[in-house]
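See below for the structure under consideration.
The values are calculated or read from the model by the stated rules, or taken from the named source; none is laboratory data. Keep in mind it's a predicted model, so treat the numbers as computed, not measured. With ideal geometry, Cβ positions are generated from the backbone for all residues, glycine too; neighbour counts draw on all protein chains shown.
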Amino acid sequence: MEEGNAAKGRVLITGGGGYFGFRLGCAIYQKGVDVILFDVVKPLQTLPEGMKFVQGDICCLSEVEEALRDVICVFHIASYGMSGREQLNRKLIEDVNVKGTENVIQACKSRGVSSLVYTSTYNVIFGGQIIENGDESLPYLPLHLHPDHYSRTKSLAEMKVLEANGAELGNGRGVLRTCALRPAGIYGPGEQRHLPRIVSYIERGLFKFVYGDPLSLVEFVHVDNLVQAHVLASEALRASKQHVAAGQAYFISDGRPVNNFEFFRPLVEGCAIYQKGVDVILFDVVKPLQTLPEGMKFVQGDICCLSEVEEALRDVICVFHIASYGMSGREQLNRKLIEDVNVKGTENVIQACKSRGVSSLVYTSTYNVIFGGQIIENGDESLPYLPLHLHPDHYSRTKSLAEMKVLEANGAELGNGRGVLRTCALRPAGIYGPGEQRHLPRIVSYIERGLFKFVYGDPLSLVEFVHVDNLVQAHVLASEALRASKQHVAAGQAYFISDGRPVNNFEFFRPLVEGLGYKFPTLRLPLSLVYFFAFLTELVHCLVGRVYNFQPLLTRTEVYKTGVTHYFSMDKARKELGYEPRQYSLDEVVEWFRSQGCGAKPRNDTVMRLVRDGGLLVVLIAVLLSWFPSAVTFSL
């Protein structure tokens, strides 16, 4: 869909409140096209600024016609009865899939909409018979042979859409061009229909068997591939493409036939502690954003309150102490709360473990207990702690103190007289993964606000990251390595944990920047200049923070962490824990942010951008001028 189409009209997506409809809408909106999402329910996600949602029902012709004012293309995705108990509600299936489609076609004709792309299904052809490498020449499955009403009505609806191709428009300005896409099963981060149901079965212990021929093959389609297919189909209905798609149907998949159960194997095996049949309590001051799996328990409490921690630890045999405060941004400047959570909170956890007879404690530490701005290449656990007075921030200092306390507590007698406490610490690199809530949203916000204008430091500097699933694996292995069955091999030990792939910090994030449609900056600044800017920012925050608690662009520690080489060997974790990091990329992170409506959008605010960029330039020049006098002595 070409940029500039917003001036000619807009696009409407029925079913726009759902997973795929919202994803498609965001992709089209990012191309500069006005988008209307039309559905009976609002999207779960926040709409990008400028995108419109209209609440309405395709079963009501007048509501559809009203929504189609000035629309040039309709993506008709809305349907009902695809799976589960919905599949048994024949009346609603008929109303939505057949009557709703008739209404969409009628409204397109009466409103002069020139293009209609219909989201159909493999099921219009398939009804249980073996099909190998089938194509669009296959006939529709006879209606009476469909095993469910959803497939039958989708078949009827597709026929109606394709029959409407070439119909005269009510405004006398041409004809309606239509096509249909027949996707395989859709998957992707945040998918709301099939995957949550599958996961619920897994978590309730209902996934006990597989069935059928292990050589049987089916297909799936990633949501972004399906988005691409819909955009291409709409373009292929235009005169500029000779209306090549008009009246046609297309099968859409990833093009990789696979056994159904083998496809879901990584999902099944990817579940962590709860999947192992262990009762899990989540303890925090705030509730999780996600819905808890059935049977998992959340207890709201504060590690700064010993009695609350002790109450939560009744009948607990192992604690993963992850809670901390002050890792980045303005949090890093709140010294009191950092001290309370990271030191006092850890002391409370240790005390509660001893008094409640908890035998294992795994502490989530940080690289920062060793690193403070000095170059470290392939360091290992024999390196000494960074002296406390050399830490550039209070978070790193308190995490170092907390780790020392945890490891010193190893071997402490338990209050119930039933053994001793075994402890260990994991020192992870920067964490990433889809849905990460601390660093990545802040980075993306800088990118989208136009603040990511430069990189800094040596382009050959190397740092490390760890995917959340690798870090989960390390924690599970560490807890097992504290047991007698593993000779308590991890007791009293610390381990560096990463993906094991040192990389330049900015090159690591290049796929995220470019994947969201932004230009990667070419300007490179000296590390010492950026450090000086961070120092000034912290100084200003110290002066005005109580009145205006602004978010610093960077802190001194963040400059060190991102611009100075420091990476560590995983040999000890591999040998003693059995840790083997899997290889991941930022692809799924990019997909997740796209699903949230992030990405480059057409900009009409040229004046505002010039003002903003000019302001940044003035600030940069001012910092540069103030930096020059001390550049000789101010170094890392």
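Return the residues of segment 31-46 that are in contact with a Leu (Cβ under 8 Å, 6 or more places away or on another chain) and part of a loop (DSSP other than H, G, I, E, B); say none if nothing qualifies. Passing the criteria: only Pro43. The residues of segment 67-90 that are exposed (fewer than 14 other Cβ atoms within 10 Å of the Cβ), without any contact (Cβ under 8 Å) to a residue 60 or more places away in the chain and closer than 27 Å to Asn165 by Cα amount to a single one, Arg69.
Flag set for Arg501, criterion: in contact (Cβ under 8 Å) with a residue 24 or more places away in the chain, among the basic types (Lys, Arg), more than 30 Å from Glu413 (Cβ to Cβ) and surrounded by fewer than 21 Cβ atoms within 10 Å (Cβ to Cβ).
Output the residues belonging to segment 546-598 that are among the hydrophobic types (A, V, I, L, M, F, W, C), in contact (Cβ under 8 Å) with a residue 12 or more places away in the chain and assigned to a loop (DSSP other than H, G, I, E, B). Answer for segment 546-598, where residues must be among the hydrophobic types (A, V, I, L, M, F, W, C), in contact (Cβ under 8 Å) with a residue 12 or more places away in the chain and assigned to a loop (DSSP other than H, G, I, E, B): Phe550, Leu553, Leu554, Val564, Met570, Leu586, Cys598. Of all residues in segment 144-199, those that are surrounded by 21 or more Cβ atoms within 10 Å (Cβ to Cβ), under 20 Å from Gly17 (Cα atoms) and of a type in the set (A, V, I, L, M) total 2.
Identify all residues within segment 205-245 that are of a type in the set (Gly, Ala, Ser) and part of a loop (DSSP other than H, G, I, E, B); write none if there are none. Selection gives Gly205, Gly212, Ser216, Ala236, Ala245.
For Lys8, the requirement of being modelled with pLDDT under 95, over 33 Å from the mean Cα position of the chain (by Cα) and among the charged types (D, E, K, R) is met. The C-beta contact set for segment 178-190 (first residue free of Cβ contacts under 8 Å to residues at least 40 places away in the same chain, second residue part of a strand (DSSP E or B) and surrounded by fewer than 21 Cβ atoms within 10 Å (Cβ to Cβ), distance under 6 angstrom, 6+ apart or interchain) comprises Gly185/Phe220; Tyr187/Phe220. The residues of segment 455-470 that are closer than 19 Å to Tyr584 by Cα and buried (at least 21 other Cβ atoms within 10 Å of the Cβ), listed by number, are Val463, Glu464, Phe465, Val466, His467, Asn470. Could you tell me which of the residues Ser240, Ser234 is surrounded by 13 or more Cβ atoms within 10 Å (Cβ to Cβ), over 23 Å from the mean Cα position of the chain (by Cα), within 30 Å of Thr119 (Cα to Cα) and not assigned by TED's automatic domain parsing to the domain that holds His394? Checking each option against the conditions leaves just Ser234. Cβ-Cβ contacts under 9 Å between residues 6 or more apart (or on different chains), taken from a first residue in segment 259-288 that is surrounded by 14 or more Cβ atoms within 10 Å (Cβ to Cβ) to a second residue that is charged (D, E, K, R) and modelled with pLDDT under 75, are listed as Cys271/Glu203; Tyr274/Glu203; Gln275/Glu203; Gln275/Glu269. If you go through segment 376-430 one residue at a time, how many are free of Cβ contacts under 8 Å to residues at least 40 places away in the same chain, buried (at least 16 other Cβ atoms within 10 Å of the Cβ) and in contact with a helix residue (DSSP H, G or I) (Cβ under 8 Å, 6 or more places away or on another chain)? Total satisfying the criteria: 4. Restricting Val468, Val472, Val489, Val463 to residues that are more than 27 Å from the chain's Cα centre (by Cα) and either in the same structural domain as Gly599 (by TED's automatic domain parsing) or among the small types (Gly, Ala, Ser) (or both) narrows the list to Val489. Flag not set for Ile202, criterion: assigned to a strand (DSSP E or B) and surrounded by 14 or more Cβ atoms within 10 Å (Cβ to Cβ).
Restrict the check to segment 220-227 and report whether at least one residue is at pLDDT 90 or above, assigned by TED's automatic domain parsing to the domain that holds Val113, exposed (fewer than 14 other Cβ atoms within 10 Å of the Cβ) and of a type outside the set (Lys, Arg). Taking every residue of segment 220-227 in turn, none turns out to be at pLDDT 90 or above, assigned by TED's automatic domain parsing to the domain that holds Val113, exposed (fewer than 14 other Cβ atoms within 10 Å of the Cβ) and of a type outside the set (Lys, Arg). Among the residues in segment 360-369, are any over 28 Å from Glu413 (Cα atoms) and within 30 Å of the chain's Cα centre (by Cα)? Looking through segment 360-369, at least one residue is over 28 Å from Glu413 (Cα atoms) and within 30 Å of the chain's Cα centre (by Cα).
Just one of the numbered conditions (1) in a loop (DSSP other than H, G, I, E, B); (2) outside the structural domain of Val406 (by TED's automatic domain parsing); (3) under 24 Å from the mean Cα position of the chain (by Cα); (4) not charged (D, E, K, R) is not true of Gly295: (3). Evaluating Asn97 against the criteria (1) without any contact (Cβ under 8 Å) to a residue 24 or more places away in the chain; (2) under 23 Å from Thr178 (Cα atoms); (3) polar (S, T, N, Q) leaves one unmet condition, (1). Could you check, for segment 118-131, whether at least one of its residues is aromatic (Phe, Trp, Tyr) and surrounded by fewer than 17 Cβ atoms within 10 Å (Cβ to Cβ)? Checked against the condition, which is being aromatic (Phe, Trp, Tyr) and surrounded by fewer than 17 Cβ atoms within 10 Å (Cβ to Cβ), segment 118-131 yields no hits at all.
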